[in-house]
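A quick write-up on the structure given underneath.
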Amino acid sequence: MKLASLKGGRDGRLVVVSRDLAHAVEVPGIAPTLQAALDDWAALHGELAAIYHLLNEGHLARSDGHTVIPFDPAQCAAPLPRAYQWADGSAYLNHVELVRKARKAEMPPSFYTDPLMYQGMSDGFLGPTDDVPCIDEAHGIDFEAEVAVVTDDVKMAATPEQARHHIKLLMLVNDVSLRNLIPNELAKGFGFFQAKPASSFAPVAVTPDELDGAWREAKVHLPLRCTLNGAWFGHPDAGVDMNFDFGQLIAHAARTRALSAGSIIGSGTVSNRDRARGFCCIAELRTIETIEQGAPKTPFMKFGDRIRIEMLDEHGRQIFGAIDQKIVRYAG
């Protein structure tokens with residue numbers, strides 16, 4: 001099943017989207033928003049799935065109270081325009097190793113057994129085609145292409161195996177980072193804040209069954225494609241070199257607290273050891289340049305730059321729709 005949120009109000013308007021991303025239908029009689037659907041997922045999932053089936057078969061009619069409309073990602077907010085929880089992990093340790101190696105720092109042994117995670121801004125996300133407003137290019141503007149899951153209610157101290165059963169939806173993320181603000185924030189010993197502005201999400205959230213065999217071991221085994229200013233930047237496989245699966249990430253987040261329905265857990269920047277597959281953020285390429293050439297060569301993003309992030313199935317078809325955004329100067 002594929003779900004999205006049209007812009008309108010703080011929490012958007014829930015629509016069921018056809019598998020080919022061509023059409024959509026609002027379902028206010030079932031749930032006005034995606035958060036409302038997640039709050040009562042066990043009861044409402046079947047009704048939404050029935051609408052999804054009829055939409056794909058072309059059997060929805062206005063006489064039944066359903067108006068099928070063309071699906072336009074430009075009219076979409078993030079699937080969850082705001083969320084009770086956005087916790088982003090760093091499950092691809094190749095990314096962490098490279099960043100630390102560039103600054104000649106060792107990897108603590110605990111990083112290989114205990115996931116890194118930070119709690120990000122969740123009171124307002126950017127839609128898939130919204131401009132990314134930034135104050136100053138000197139902040140080091142970067143994209144980070146990731147996969148994320150959305151849970152229903154998760155009990156405190158859930159095990160990884162239990163946590164896997166709470167994954168209800170999958171999404172794509174651009175976790176925007178202001179790289180040059182990060183060192184001073186981390187030096188304070190209290191984590192990210194100003195360096196992590198609003199994240200962006202692809203237009204459609206999908207249930208795991210939509211990925212068929214590509215969803216296994218609580219990982220998405222498909223390339224995540226990044227294009228910067230129209231040029232290929234990378235297509236690392238999200239299922240390769242992922243040291244912690246989503247069950248482990250959710251269990252880590254729930255170790256000492258329960259998670260509410262609608263919690264979003266991110267994978268962190270997708271990163272493969274095979275450099276031929278490219279990169280899902282500029283910072284990782286810059287670390288390679290620093291290690292091999294003594295200094296970074298690739299600049300961070302400038303005003304007017306455009307990033308596109310997407311994932312295709314084995315037949316080359318869009319799964320989530322694309323994040324396609326331009327960096328702009330914040331107008332105040």
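The values are calculated or read from the model by the stated rules, or taken from the named source; none is laboratory data. This structure is a prediction, so every number in the text was calculated from the model and none was measured. Ideal geometry is used to build each Cβ from the backbone, glycine not excepted, and the neighbour counts take in all protein chains shown. Heads up: the accessible areas ignore ligands, DNA and RNA and are worked out on the full protein's heavy atoms, side chains in. Shrake-Rupley method; radii C 1.70, N 1.55, O 1.52, S 1.80 Å.
Residue count for the range 13-27 under the criterion of being of a type in the set (Gly, Ala, Ser) and open to solvent by less than 10 Å² (accessible area, probe 1.4 Å): the result is 2.
Among the residues of the range 28-46, those identified as more than 17 Å from GLN75 (Cα to Cα) and surrounded by 14 or more Cβ atoms within 10 Å (Cβ to Cβ) are ILE30, ALA31, GLN35, ALA36, ALA37, LEU38, ASP39, TRP41, LEU44, HIS45.
Annotation note: Cβ proximity below 9 Å between a residue of the range 293-313 that is on the phi > 0 side of the Ramachandran plot and a residue that is assigned to a loop (DSSP other than H, G, I, E, B) (sequence gap 6+ or interchain) occurs for GLY304/ASN229.
Within the bounds of the range 275-283, is there any residue that is closer than 12 Å to HIS166 by Cβ and open to solvent by less than 10 Å² (accessible area, probe 1.4 Å)? No - not one qualifying residue is present in the range 275-283.
Taking the listed residues ALA77, ALA43, the one that is of a type outside the set (Phe, Trp, Tyr) and in contact (Cβ under 8 Å) with a residue 40 or more places away in the chain is ALA77, with no other qualifying.
Let's see how each residue does on (1) open to solvent by 10 Å² or more (accessible area, probe 1.4 Å); (2) in a strand (DSSP E or B); (3) farther than 24 Å from GLN248 by Cα:
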residue: ASP114; (1), (2), (3): yes, no, no
residue: TYR118; (1), (2), (3): yes, yes, no
residue: MET121; (1), (2), (3): yes, no, no
residue: THR129; (1), (2), (3): yes, no, yes
residue: VAL149; (1), (2), (3): no, yes, no
residue: ALA157; (1), (2), (3): yes, no, no
residue: GLU161; (1), (2), (3): yes, no, no
residue: LEU169; (1), (2), (3): no, yes, no
residue: PRO183; (1), (2), (3): yes, no, yes
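Being without any contact (Cβ under 8 Å) to a residue 40 or more places away in the chain, among the β-branched types (Val, Ile, Thr) and part of a loop (DSSP other than H, G, I, E, B) is the requirement here; does VAL240 meet it? Here the answer is yes, as VAL240 does meet what is asked.
The selection criterion, being surrounded by fewer than 18 Cβ atoms within 10 Å (Cβ to Cβ) and at pLDDT 95 or above, does not hold for ARG62. For ASN272, the conditions (1) within 29 Å of HIS166 (Cα to Cα); (2) open to solvent by 60 Å² or more (accessible area, probe 1.4 Å) are fulfilled apart from (2).
Among the listed residues ALA83, ALA138, ALA105, ALA74, identify the single one that is of a type in the set (Gly, Ala, Ser) and closer than 23 Å to LEU44 by Cβ.
ALA83
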